[in-house]
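Enquirer: This is the structure I have questions about; it appears just below.
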Amino acid sequence: MPKRKNTKQIPSPELQGEDSWIEMKAPKVGDMKTYRKCIGGLIKKQHKLQASDKMQTPEMIDVLTAIEAAGHDFILEHIVAWNWVDDDDKPLPQPHEEGAIDLLEVLERDWLLRQFQANESQKKG
């Protein structure tokens, strides 16, 4: 009987050194559509505010905060595990543990978000 492989281990040596990895639950098509729709609308608002030179307004801060929150939630829903460490080489809490995502460097968070796009492209190809 077929069994869907819905998780994938992805090496992350460029961020966390040799033998580092994340385990990612493959997002469903609907998950990606919802995420893109949310992010797309927020990015349009961001560009509109930038064009009208409203970079330091409360409205812009709200938009940027919402973009961050959407990415945070998407990571929490789809990163199952990792063997990542902090600056002192101590294991980071697992992604589902309280505050774990907030301990990531921005570069690491952005890399995680790019993995969803890469995973989706591989499935299409």
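The numbers here are math on the coordinates, done by the rules we state, and not lab data. Just so we're clear, the structure is a prediction, and the values are computed from it rather than from any experiment. Note that we place each Cβ from the backbone using ideal geometry, even for glycine, and neighbour counts take in every protein chain shown.
Enquirer: Which of the trypsin sites (Lys or Arg not before Pro) found in the range 42-125 are loop residues per DSSP with 14 or fewer other Cβ atoms within 10 Å of their Cβ?
Expert: Lys54
Enquirer: Could you give me the ³J(HN,Hα) list for the range 34-40, computed from phi with Karplus coefficients 6.51, -1.76, 1.60 and θ = phi - 60°, whole Hz, x at Gly and Pro?
Expert: My calculation for the range 34-40 gives 4, 4, 5, 5, 4, 5, x Hz in order.
Enquirer: Moving on. When only Cα pairs under 8 Å and 6 or more residues apart are kept, what is the percent relative contact order across the chain?
Expert: Computed over the chain, the figure is 24 percent.
Enquirer: Most fluctuating residue of Ser52, Ser12, Ser20 in a GNM of the chain with Cα springs under 10 Å: which is it?
Expert: Highest fluctuation of the listed residues: Ser52.
Enquirer: Any chance you could give the angle, 0 to 90 degrees and rounded to 10, that helix 58-78 forms with the longest Cα principal axis of the chain?
Expert: Once rounded, the angle reads 20 degrees.
Enquirer: May I pose another question? Amide H of Ile22: which non-local residues (sequence gap of 5 or more, or other chain) have their own amide H closer than 5 Å, using H built in the peptide plane?
Expert: Ile10, Ser12
Enquirer: Taking the Cα centre as origin and putting +1 on Lys and Arg beta-carbons and -1 on Asp and Glu beta-carbons, what dipole magnitude results for the range 2-125, to the nearest 20 debye?
Expert: On the way: 18 positive and 22 negative charges, 273 e Å.
Dipole size: approximately 1320 debye.
Enquirer: Going 7 Å from the Cα of Lys90 in the Cα-to-Cβ direction, what parts of the range 1-30 have a backbone nitrogen less than 20 Å from that spot?
Expert: Within reach of a label on Lys90: 16-17.
Enquirer: Evaluate E = 1/(1 + (r/R0)^6) for Ser20 and Met55, where r is the Cβ-Cβ distance and R0 equals 41 Å; express this FRET efficiency to the nearest 0.05.
Expert: Efficiency at R0 = 41 Å is approximately 0.70.
Enquirer: Next question, about the same structure. With the cut-off at 29 Å, tell me which of the pairs Lys5/Lys48; Lys8/Lys37; Lys8/Lys33; Lys37/Lys90; Lys8/Lys90; Lys8/Lys45 have Cα atoms farther apart than that.
Expert: Lys5/Lys48; Lys37/Lys90; Lys8/Lys45
Enquirer: Please sort by residue number the GluC sites (Glu not before Pro) in the range 3-94 whose DSSP state is loop and whose Cβ has at most 13 other Cβ atoms within 10 Å.
Expert: Counting only loop positions with at most 13 other Cβ atoms within 10 Å, the GluC sites (Glu not before Pro) in the range 3-94 are Glu18.
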